[in-house]
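The values are calculated or read from the model by the stated rules, or taken from the named source; none is laboratory data. Predicted model only: the values in this text are computed from it and were never measured. For neighbour counting, all protein chains shown are included, and Cβ atoms are generated from backbone atoms with ideal geometry for every residue, glycine included. When the accessible area is computed, the model is the full protein with side chains, heavy atoms only, and any ligands, DNA or RNA have been set aside. Shrake-Rupley method; radii C 1.70, N 1.55, O 1.52, S 1.80 Å.
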Amino acid sequence: MKRIFILVCLISLWSCKTEEPSSKIDLSNWENIKEQGKDQEISMMMWMGDPKINAYMSDYILPKIKSEYGIDVNIVNGQGNVIVQSLMSELQADVDESEIDLVWINGETFYQLRQIDALHGPWTSVLPNSEYINLENDFIGKDFQQDINGFELPWGNVQMTVIYDSRKVDSPPKTKDELLAFVVKNPGKFTFDNHFTGLTFLKSLLISFAENPNELYGDFNEKNYRKYSEKLWDYIDKIKPYLWQKGEVFPENVAQMHQLFASGEIWFTMSNNDSEVDNKITEGLFPESARAYVPEFGTIQNSHYLGIPKLSKYKSSAMLFANLMISAEAQAKKMSPEIWGDGTVLSLDKLPEDQLQYFENITSRKHAPERENLQKFALMELSPEYMIRLSEDFRNKIINQ
Amino acid sequence: MVILPVSTGLIYATSYSLGLTGLMSQGFTTAYWGEALSSQDVWSSFLYSFWVGIVSVFIAACIALGLALGWQRSIQQGKLSYFIFLPLCYPATVMAFLVHQWFSPSGFFSRLFYNLGIIDNLEAFPIVIRDYYGIGIILCSIFLITPFFTILFSNIYKNERINELENLSKTLGSSVNQILRRVTLPILFNRSKTTLLLFVIFVMGSYEAPLILGRQNPQMITVAIVNKIQKFNLNDIPVGYAMSIIYVLIVIISLNFSGILKTFQNRKISNI
């Protein structure tokens, strides 16, 4: 028995040992990257919860990268905490190379990955298509108030919308007072989830309580957080008894909320993708009468990004792949409501004439509000510490009461 | 072969919870243990998990007992056995979704009662999903474990020749009630108590059903631990590991007190 134990230990130790990367590649020269990156097989970890996004990747992006550079991309399902846990485990195990070469991330994941130093960078400025990215726009150039500093590449831009059933709601509440009056009159029909989307809604409300949003923008400010979160929790306390299931329980995530909306149990749901209402109607999940809007107190607009793990062995292939995903053609296709409806991160003013054409014939949205109408109600993402505090306080002050 | 990965996992979790390992580690500290031990949330999660485990096993055992004693002949074969043992084919996640679809306010039974005119609106259907008492989780657990218990009781009944003992008692003048209380139930309970306790621990440690059918407060311990380890604050990970070690210690102490570990040791010694 003792021998078997020692043998298993030795095998475990031996299996942890991996070979050193065969070569060091110069990642500052695009021609080198093109040469080294082609004909490889890489893995990308991304959220795969939306059939339209999956179809965009498998039917358009993957064949294109295969035909242009001979790169095979294996897409693996995982978002936020799964990405952080995977890369964290690899760093803790001290492995030489990561299983993942590209990740789809934003704000809080970027913050966590930077905390554990799991991202490669800076790398984005080497990509030829990066010169067209609208980095001057703070909704794109900053991620949760953090400078991206070339450690992640903007891929898309979205704004949170509130989705409602127009057969049941004639005029959706536009202000906080109207929302309070609405839920009192129609108890059990409104709620928000206990995860990312719900917290984004809470962040929007928090900013709306500030006399000036700039008081909450920038680094985390304890004094201002306390000042305005007190008002926020007072407000949530007022609406809580009239929320779905009397506010004693909240949907665990946005998918659960979508299901409750689809079954008619609640009249509102939310989405961080401003065109999702069209997508979900097309899929048949939401009724034809579903509509999306942004309340006058505003909602968070943010961008999502691509990152390369520090331990990725195929960084050059990942960079070729990322460059393709921010090409004008790929961005315009992604922007079409029938494909995905995701906002572009490119500045159309910077694009050359021959690439502008891709954006000219994008079909308009059906039930989702047009992007230009949302911009005036757009609020910036707050620093990640606000999300951590809101999450903790929401549990202690609302859920546990 | 089982002890090695389990013990290395426990050592890793313990060192993580003490700040000795992990990318965010800043050296030895008992702060995370202090936070876990002093958290009211953590203890209410343990109590809630114990409640769900004990109630699920008690109800499932009662139903299984009824099935095993009532349908001794037809339970092992025939169409009835298909019906009784069908839930064995269901993974916990699928069963949890089924329970959700059946018993949620917009689910099958709510709509059926509404169409039959028993309730005025769908919201009038009693809340059993994400409810305070964990009825949804308990229902799901009952559906999952009742077939196991039915097989268990049925086999004990056969192997211990309880039928012959019952007949003997009858000839000695015992009533049906006396036979049940003095002969059948004590033998079945004595032979199955270890398994019943292990199933309480099994239900306490289930994850999928509480995640789909449970609520945020009170929360089953497994969901609470995963939330600590996987949510937005990386500094909460050691607290999550401390909670999982506390859970393991509670299970070991319970098993020790109930004498199960001793039984296993004795069996091991007798095998040697």
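Amide H to amide H distances under 5 Å link A:Gly343 with A:Asn157, where only residues 5 or more positions off or on other chains count and H is placed in the peptide plane. When B:Phe50, B:Phe83 are compared by accessible surface with a 1.4 Å probe, the order from highest to lowest is B:Phe83, B:Phe50.
Take the accessible area of chain B alone and of chain A alone, subtract that of the pair, and you get about 3100 Å² summed over both chains, using a 1.4 Å probe. Each 10 Å bin, from zero up to the one with the longest distance, holds this percent of the alpha carbon pairs of the range B:105-168: 19, 26, 21, 16, 15, 3.
Looking at the P(r) of the range A:241-292, how many percent of alpha-carbon pairs lie beyond 16 Å? When all Cα pairs of the range A:241-292 are counted, 38 percent exceed 16 Å.
With a simple spin-label model that places each label point 7 Å from the Cα along the Cα-to-Cβ direction, the separation between A:Asn186 and B:Thr30 comes to 5.5 nm. The convex hull of the Cα atoms of chain A, projected and averaged over all directions, covers 23.0 nm². Apolar share of the accessible surface for chain B: 65 percent from carbon plus sulfur atoms, 1.4 Å probe. Calculated over the range A:135-281, the projected area of the Cα convex hull averaged across directions stands at 10.0 nm². Remark on A:Ile133: its backbone amide H falls under 5 Å from those of A:Ser347, a criterion applied only to residues 5 or more positions apart or on other chains, H modelled at 1.01 Å from N.
Across all C-alpha atoms in the range B:52-218, the radius of gyration and Dmax reach 18.8, 58 Å.
Each of A:Lys174, A:Lys189 has its accessible area taken with a 1.4 Å probe; listed largest first, they run A:Lys174, A:Lys189.
A cut-off under 11 angstrom between Cβ atoms defines the neighbours of A:Pro122, and their net charge, with Lys, Arg +1 and Asp, Glu -1, is -2. Per-residue Karplus couplings for the range B:30-47, computed as 6.51 cos²θ - 1.76 cosθ + 1.60 with θ equal to phi - 60°, are listed in order as 9, 4, 5, 5, x, 5, 5, 6, 8, 7, 5, 4, 5, 5, 5, 5, 4, 5 Hz, Gly and Pro entered as x.
Spatially, the range B:96-149 and the range B:1-49 are offset by 36 Å when compared through their Cα centroids. Rounded to the nearest Hz, the phi-derived 3J(HN,Hα) couplings of the range A:210-227 under the Karplus curve 6.51 cos²θ - 1.76 cosθ + 1.60 (θ = phi - 60°) are 6, 5, 9, x, 4, 5, 9, 6, x, 5, 4, 10, 4, 4, 5, 4, 4, 4, where x marks glycine and proline. Here the sum of -39500 (n - 2.57) over DSSP H runs of 4 or more residues, divided by the residues of chain A, equals -11500 deg cm²/dmol at 222 nm, to the nearest 500.
Its Kirkwood hydrodynamic radius, worked out from the mean inverse distance over all distinct Cα pairs, puts the range A:301-370 at 13.8 Å. Here the Kirkwood formula, the inverse mean of 1/r across different C-alpha pairs, assigns the range A:103-166 a hydrodynamic radius of 13.1 Å. With a simple spin-label model that places each label point 7 Å from the Cα along the Cα-to-Cβ direction, the separation between A:Ser67 and A:Ser28 comes to 3.6 nm. For the charge dipole of the range B:52-218, defined by +1 on Lys and Arg C-beta atoms and -1 on Asp and Glu C-beta atoms about the Cα centroid, which residue among B:Phe189, B:Ser104, B:Ile54 has the Cα displaced farthest towards the positive pole? Most positive-ward Cα: B:Phe189. At a 1.4 Å probe radius, carbon and sulfur cover how many percent of the accessible area of chain A? The value for chain A is 49 percent carbon and sulfur by accessible area. Every Cα-Cα pair of the protein assembly as shown was included, and the share exceeding 49 Å stands at 24 percent. Placing R0 at 35 angstrom, the Cβ-Cβ distance between B:Phe113 and A:Gln115 gives a FRET efficiency of 0.10 after rounding to 0.05.
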